[in-house]
Amino acid sequence: MSAAEELRGRLWSDEPSKVDFLAARAIAETVSDAVLDDALDPLAIGLSGPWGSGKTTVLELIKADLDSRSDPEAAKILTVRTDPWRYDPAVGAKESLIGEVLDAISAELTERLKNVEESKGQKIKKLIKKLSDRVDWAKAVKLAAKSSLTLQLPGVDDVLNLIRESAPEGTDAKDEPRGLAGFKAEFAELLATDEMAHVRRVAVLVDDLDRCLVDTVVETLEAIRLFLSVDGMAFVIAADEDRVADAIRTRLPEWSMPAERPDDEDALPAEPPSKLYLHKIVQTTVPLPALGAFDTESYVLLLQLQNRVEKRLTDPQLKAVIAECQRLRTTGALDDLKAPDGLDVQRELSFARRLMTILYEKLRGNPRRIKRFLNDLNIRRSIAARRGIELDFDVVAKLMVLEVLLPDQFQSVLSWLRTGELRDRLDALENQANRPKEELAPAEGAPEVAPGTETMIEPATPADESTVAGPSDPVDSEPSSDAMPPVAAVAPAISVVPHFADDMIRWAKLPPELHDLDLSPYLHLAASFRGDLLLSAELPQHLRDLAAQLASTRTVDRRQLTDESLQALTTDDVDQLLRHLGLRARDRVQEQRGAVAGIVRLATVHPAVQPTALDVFRRLPASDLQPGTAIILAGVDIPGMQDVINALAAQLADGKIKMALTTPPPKGGQH
């Protein structure tokens, strides 16, 4: 199955999950207990956590738990889901919230009274109509004010009619206020009617309040305050408490409240007015904990199993794995996880275990950020595959960890690619990460390197060669006396023990190893998504276009590059071009054939560099040799080339590439 095909079904929705992957049922049931506690009636309880921490999912679990405890005949729990973030700003948050509660009660009573004589339900229907009219009037007034409508009010009587409703003629009743002024008493009367006696609690679940603008936050809280004087009402407010307090602070600056009396030195600091206001409405807040290390591992495991493409899990199988994760929570490890019979989860479990610690630390146990990381990973792999970049899932995952979670270190890797040192640096990094420390200890007399820094010997280059420093370029060091000739240093030896940042060492320990892979196409793709330019930093500007022509596989490009223009190059220019093309041939499999052809052409025009060209060919990884490259090498007519061919062929299994490499072209043939 290709990466593109595997992506189907591998993305996770940001909608709240109906399955408890977060072990949040204990929190939901605790909140439900508080909602149904008569000693706390009426109640407003907060469910606080940062964005993406799973508040909406917990609200769904609370609703499901309350519904399961509801007795429709004798102790009904009427749950109302509301989202102030979706309110119409022209209408007003207070009126919208009250309207949604009344609509839910009206729907419940309509169902309850559908088989009752119409005359018996008249009183409560009138009461609901009266309450609804108040809300509609308040909405209309607010809409008129926000729409800048001009109301023609010629006299005082008209103003009084706007805010008060006249009492029926011939009675002693007083005029009643319009709008929400008399709402509280009438709503309490509504809940106390016989028709509502079967409703034990009206539980309003408020979501996304911390996403709203200031006016919506304040008006929603004011509406909740209006309800909290009525028995039988409960509110669960899922929001980041600090963000809600920030909104209140814009309306209630600290200087507008009298300072609290000073406490003794051991007392906690006084709460700011914004928190005092909030806590006057919300009696207590249940913090939603971030995922711990164990929960992060189980969450990544369960997400993968939920969206498995092949051998999909049945609902009972997924529930069985969730139960196993719950059982193992006390041990803090999934090592003893028992999968349902016939279900192999080792691949997903291994992936979750590898990434658990770094995801937990870098994403701070935030479920949404973890889910987004996995979505980004699958999308990136699909795009790469559709562009012909085939890399194993584990390889892309390791590179995405670096790019997303360690962005500064990812820039270092891009700088290695710019300077043509990617494979050497990765090899040194993985050696340091995966070998015992005693094997990496510097030899006696070797220069000391400060911990946490990255140091590596630079390839020997002409003294006047220009270089471009990257974010983690090495500290300059003098080459050893027995160093190879300048151009031959295509894969420079390391004369001091390299030291990399701790995060890089930690990342390098993640399997698989990368130094033998051609990562250049993928890294170019990743850099393009970030808007980074990967200009070849090891070449001066006047050689970059020439290098591109030499490495091109297009006939028109090669013909435009004449032998005369190549003969005009200085010795230093040829040295730099050979080194650059040698690194491209070795490290970038897709560019190997063109780079080797360019080296052959330089060696033909400049016979003095033929020994260096042989050394470049000798350093080509035989396992990466491409058919077109083998054919070119077989046709190279340089003294000593046969020894190079024999050495490469000895590392190859019998097959088409080995045959192409060891079969000389026909006389007069040109490759």
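Could you list, in sequence order, the residues of region 386-439 that are within 19 Å of Gln590 (Cα to Cα) and either in the same structural domain as Ile370 (by TED's automatic domain parsing) or not hydrophobic (A, V, I, L, M, F, W, C) (or both)?
Within region 386-439, Arg386, Arg387, Gly388, Glu390, Asp392, Arg418, Thr419, Gly420, Glu421, Arg423, Asp424 meet the criteria.
Right, Glu564: of a type in the set (Asp, Glu), closer than 21 Å to Leu620 by Cβ and not in a loop (DSSP other than H, G, I, E, B) or not? Before you say what the answer is, go through the steps one by one.
Working: of a type in the set (Asp, Glu): yes; closer than 21 Å to Leu620 by Cβ: no; not in a loop (DSSP other than H, G, I, E, B): yes.
No; evaluated as a whole, the condition is false for this residue.
Select from region 296-314 the residues that are hydrophobic (A, V, I, L, M, F, W, C), in contact with a Lys or Arg (Cβ under 8 Å, 6 or more places away or on another chain) and crowded, with 17+ Cβ neighbours inside 10 Å and list them in ascending order.
First pass over region 296-314, keeping only residues hydrophobic (A, V, I, L, M, F, W, C): 300-303, 305, 309, 313.
Still in the running and in contact with a Lys or Arg (Cβ under 8 Å, 6 or more places away or on another chain): 303, 309.
The answer is Leu303, and nothing else.
Can you find, within region 186-212, the residue that is nearest to Lys125 (Cα to Cα) among those that are in contact (Cβ under 8 Å) with a residue 40 or more places away in the chain and in a loop (DSSP other than H, G, I, E, B)? Break it down into steps so the answer makes sense when it comes.
Of all residues in region 186-212, those in contact (Cβ under 8 Å) with a residue 40 or more places away in the chain come to 186-191, 193, 195-196, 198-212.
Still in the list and also in a loop (DSSP other than H, G, I, E, B): 193, 198, 208, 212.
Numbers: Thr193: 11, His198: 17, Asp208: 32, Cys212: 34 Å.
Top of the filtered list is Thr193.
Identify the single condition in (1) on the phi < 0 side of the Ramachandran plot; (2) in contact with a helix residue (DSSP H, G or I) (Cβ under 8 Å, 6 or more places away or on another chain) that Gln642 does not satisfy, given that it satisfies every other one.
Condition (2) is where Gln642 drops out.
Which numbered condition in (1) crowded, with 19+ Cβ neighbours inside 10 Å; (2) farther than 22 Å from Val589 by Cβ is the only one that Pro607 fails?
Unmet for Pro607, out of (1) crowded, with 19+ Cβ neighbours inside 10 Å; (2) farther than 22 Å from Val589 by Cβ: (1).
From the set of residues in region 399-420 that are of a type outside the set (Gly, Ala, Ser) and not in a helix (DSSP H, G or I), which is farthest from His524 (Cα to Cα)?
First pass over region 399-420, keeping only residues of a type outside the set (Gly, Ala, Ser): 399-411, 413-414, 416-419.
Still in the list and also not in a helix (DSSP H, G or I): 406, 419.
Details: Leu406: 17, Thr419: 14 Å.
Among those residues, the one meeting the criterion is Leu406.
Criterion first (surrounded by fewer than 19 Cβ atoms within 10 Å (Cβ to Cβ) and among the charged types (D, E, K, R)) does Asp615 satisfy it?
On the way: surrounded by fewer than 19 Cβ atoms within 10 Å (Cβ to Cβ): no; among the charged types (D, E, K, R): yes.
No; evaluated as a whole, the condition is false for this residue.
Do the conditions hold for Arg544, that is, is it modelled with pLDDT under 85 and either hydroxyl-bearing (Ser, Thr, Tyr) or not in a loop (DSSP other than H, G, I, E, B) (or both)?
Working: modelled with pLDDT under 85: yes; either hydroxyl-bearing (Ser, Thr, Tyr) or not in a loop (DSSP other than H, G, I, E, B) (or both): yes.
Judged against the criteria, Arg544 is a match.
Test each condition in (1) at pLDDT below 85; (2) part of a helix (DSSP H, G or I) for Arg423 and report the one that comes out false.
Among (1) at pLDDT below 85; (2) part of a helix (DSSP H, G or I), the lone unmet condition for Arg423 is (1).
Just give me the residues in region 46-75 being assigned to a strand (DSSP E or B) and surrounded by fewer than 19 Cβ atoms within 10 Å (Cβ to Cβ), in sequence order. Don't jump to the end; show me each part of the working.
In the first step, residues of region 46-75 are kept if they are assigned to a strand (DSSP E or B); the result is 46-48, 71, 75.
Of everything in region 46-75, those that are assigned to a strand (DSSP E or B) and surrounded by fewer than 19 Cβ atoms within 10 Å (Cβ to Cβ) turn out to be Asp71, Ala75.
From the residues in region 632-644 that are surrounded by fewer than 18 Cβ atoms within 10 Å (Cβ to Cβ) and not small (Gly, Ala, Ser), which one is farthest from the chain's Cα centre (by Cα)?
In the first step, residues of region 632-644 are kept if they are surrounded by fewer than 18 Cβ atoms within 10 Å (Cβ to Cβ); the result is 635, 637-640, 642-643.
From what's left, not small (Gly, Ala, Ser): 637-639, 642-643.
Working: Asp637: 54, Ile638: 54, Pro639: 56, Gln642: 53, Asp643: 52 Å.
Among those that are surrounded by fewer than 18 Cβ atoms within 10 Å (Cβ to Cβ) and not small (Gly, Ala, Ser), it is Pro639.
Only one of Asp231, Asp246, Asp215, Asp242 is within 15 Å of Pro89 (Cα to Cα), surrounded by fewer than 17 Cβ atoms within 10 Å (Cβ to Cβ) and not small (Gly, Ala, Ser). Can you tell me which? Even if it seems obvious, please write down each step before you answer.
Values: Asp231 fails: within 15 Å of Pro89 (Cα to Cα); Asp246 fails: within 15 Å of Pro89 (Cα to Cα); Asp242 fails: within 15 Å of Pro89 (Cα to Cα).
None of the others qualify; the one that does is Asp215.
Which one of these does Lys126 not meet: (1) modelled with pLDDT of 75 or more; (2) within 48 Å of the chain's Cα centre (by Cα); (3) charged (D, E, K, R)?
Lys126 satisfies every listed condition except (2).
When you go through Val589, Val600 one by one, which is the residue that is among the hydrophobic types (A, V, I, L, M, F, W, C) and within 42 Å of the chain's Cα centre (by Cα)? Spell out how you get there, then give the answer.
Numbers: Val600 fails: within 42 Å of the chain's Cα centre (by Cα).
Going through Val589, Val600 in turn, just one is among the hydrophobic types (A, V, I, L, M, F, W, C) and within 42 Å of the chain's Cα centre (by Cα): Val589.
Does any residue in region 344-358 that is within 17 Å of Asn307 (Cβ to Cβ) come within less than 8 Å, Cβ to Cβ, of a residue that is of a type in the set (Ser, Thr, Tyr) six or more places away or on a different chain, and which pairs are these?
Ala352/Ser298
Can you tell me how many residues within region 325-341 are within 22 Å of Lys311 (Cβ to Cβ) and among the hydroxyl-bearing types (Ser, Thr, Tyr)? Full working, then the answer.
As a first pass, look at region 325-341 and keep what is within 22 Å of Lys311 (Cβ to Cβ): 325, 334, 337-341.
Now restrict to residues that are among the hydroxyl-bearing types (Ser, Thr, Tyr): none.
The total comes to 0.
Would you be able to tell me the number of residues in region 390-420 that are at pLDDT 90 or above, more than 15 Å from Asp376 (Cβ to Cβ) and in contact with a Lys or Arg (Cβ under 6 Å, 6 or more places away or on another chain)?
0
Tell me which of these Val80 doesn't satisfy, since it passes every other one: (1) in a loop (DSSP other than H, G, I, E, B); (2) surrounded by 15 or more Cβ atoms within 10 Å (Cβ to Cβ); (3) not basic (Lys, Arg).
(1)
The values are calculated or read from the model by the stated rules, or taken from the named source; none is laboratory data. Note that the structure is predicted; figures quoted are calculated from it, not measured. Note: ideal-geometry Cβ built from the backbone for every residue, glycine included; neighbour counts use all protein chains shown.
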